[in-house]
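The values are calculated or read from the model by the stated rules, or taken from the named source; none is laboratory data. This one's a predicted model, so the numbers in the text were calculated from it and none came from an experiment. Positions of Cβ are backbone-derived with ideal geometry, glycine not excepted, and every protein chain shown enters the neighbour counts. Note: accessible area is taken over every heavy atom of the protein model, side chains too, but ligands, DNA and RNA are not part of it. Shrake-Rupley method; radii C 1.70, N 1.55, O 1.52, S 1.80 Å.
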Amino acid sequence: MSMAANLPDAREVSRMLACNMEALAAQLLPGGRRNGAEWVCGSVAGEPGGSMAVHLHGAKAGRWGDFATGETGDALDLVAAVLTQGNASEAYRWAVNYLGLRDMGAVATRRAEVIQKQQGEPAENDEKRQKAALGMWLNARPDIKGTPVEAYLAARGINLSALASMPRALRFAPEHYCHEVKSRLPAMLAAITSLDGMHIATHQTWLTCDGGVWGKALLQTPKKIRGAFLGGAIRLQRGASGKTLKDSPAGEVIAIGEGIETCLSVALACPEIRVLAAASLGNMASVQLPAQAQSVTLLADNDTNPQAQRGLRRAVDAHLAAGRAVGVARSPKGKDFNDAYA
């Protein structure tokens with residue numbers, strides 16, 4: 001029997017690649033950097049940035065996502081995206097060579113590495129991540145009036161007192177741990193919830209005060225999300241109905257944007273509409289809406305990057321496929337609506 005007939009399948013090869021994910025990520029994405037348990041960069045092109053993250057350790061090692069485009073996958077998918085223009089067969093052949101799977105002895109050694117890795121790194125399952133995300137939000141201050149969160153948003157041109165009500169999704173954490181600096185910093189936390197209102201993830205924005213003005217902390221990654229947030233949203237304004245998202249009336253317009261700040265700017269300008277922040281461009285296509293939702297307006301950034309354009313197109317197509325009327329709104333100036341109203 002030939003060696004090829006005994007090679008592990010693609011799923012197992014992907015697990016083998018993930019055993020030493022940091023070295024692989026550094027090779028495939030040389031412009032990236034390690035940030036805690038992730039390798040972060042701008043895109044699959046490997047340039048510096050923060051739109052893409054690759055998990056390096058634990059049960060999710062090898063899993064990656066590009067928040068700008070919505071693309072996700074495992075370690076072998078990453079090889080395909082970076083090296084073979086998405087060709088899975090070529091990516092598999094590259095990985096077999098990279099792993100040195102020349103004979104059954106090499107295969108056995110790699111399999112043993114996978115088992116050892118699994119035993120040495122207890123899996124942090126989705127339930128644990130969800131509990132951790134909920135815990136950090138519950139431990140934060142629910143009343144953000146008079147806090148650095150209100151001051152930070154005011155510096156961005158967002159007067160929270162002008163809203164019909166303070167967004168209950170936002171909280172203030174005076175000392176929120178930041179892995180990048182291994183210290184505690186003030187932070188704005190936001191609850192990301194599912195359609196039925198379950199807290200599934202927490203959005204974190206670390207803050208700093210410079211010359212009496214509050215802004216984002218001077219970090220390589222000042223914003224992060226804890227938990228699996230796909231399909232969820234940050235609920236910032238209920239609009240004219242005042243009803244929960246699940247009970248929203250048929251016919252109301254639901255605006256979905258990416259960031260908290262641009263969405264709050266729209267909420268101030270249009271108090272009659274429901275406003276949700278998806279937390280990433282990729283998630284704008286996945287935000288769960290009730291069956292009666294008939295009309296969606298996507299708040300698009302003025303971004304000509306081809307990957308961003310694909311992400312927006314994916315969001316438009318997803319909502320059209322769900323039977324909704326879809327509009328796209330862009331800021332008349334600047335990158336997004338926060339630039340227009342700040």
_Lys, Arg +1 and Asp, Glu -1 on Cβ, resulting dipole of the chain about Cα centre, debye, nearest 20_ = 460
_Can you give me the accessible area per residue for region 1-108, using a 1.4 Å probe, in Å²?_
45
*Surface share of carbon and sulfur [accessible, 1.4 angstrom probe, percent] for the chain*: 51
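Using a 1.4 angstrom probe with every protein chain in place, what is the largest-first accessible-area order of C209, C263, C270, C19?
C209, C270, C19, C263
From the Cα gyration tensor of region 24-130, with a ≥ b ≥ c the square roots of its eigenvalues, which class applies: rounded if a/c is under 1.5, or else prolate if a/b is larger than b/c, or else oblate? The partial results should precede the final answer.
On the way: a/c = 2.00, a/b = 1.16, b/c = 1.73.
Cα axes put region 24-130 in the oblate bin.
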*Around I200, which amide H atoms from residues at least 5 apart in sequence, or from another chain, sit under 5 Å from its own amide H, with H modelled in the peptide plane?*
I192, T193, S194
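If you take every DSSP beta bridge whose two residues both sit in region 216-317, what share of them, in percent to the nearest 5, is antiparallel? Please list the in-between numbers first.
On the way: 3 of 11 bridges.
Of all bridge pairs located within region 216-317, approximately 25 percent are antiparallel.
Explain nothing, just the number: dipole magnitude of region 52-211 about its Cα centre with +1 on each Lys and Arg Cβ and -1 on each Asp and Glu Cβ, in debye rounded to the nearest 20. Show your work: numbers first, answer last.
Values: 17 positive and 17 negative charges, 61 e Å.
Dipole of region 52-211, to the nearest 20 debye: 300 debye.
Could you work out the relative contact order of the chain? I mean the mean sequence separation of Cα pairs under 8 Å and 6+ apart, divided by the number of residues, in percent.
13
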*Among (1) 1.30; (2) 1.04; (3) 1.01, find the value of Rg/Rh (Cα atoms, Kirkwood Rh) that was calculated from the structure presented, and write down its label.*
(3)
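Once you've got the Cα coordinates, tell me which of K128/K224; K117/K224; K243/K335; K182/K216 are over 20 Å apart.
Numbers: K128/K224 17 Å; K117/K224 26 Å; K243/K335 31 Å; K182/K216 17 Å.
Result: K117/K224; K243/K335 exceed 20 Å.
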_Per residue accessible area of region 188-342, 1.4 Å probe, in Å²_ = 41
_Unit charges at the beta carbon, dipole of region 93-249: most positive-side option, L134, P167, V149_ = P167
*Kindly report, to the nearest 10 Å², the accessible surface of S165 as traced by a 1.4 Å probe over protein heavy atoms only.*
80
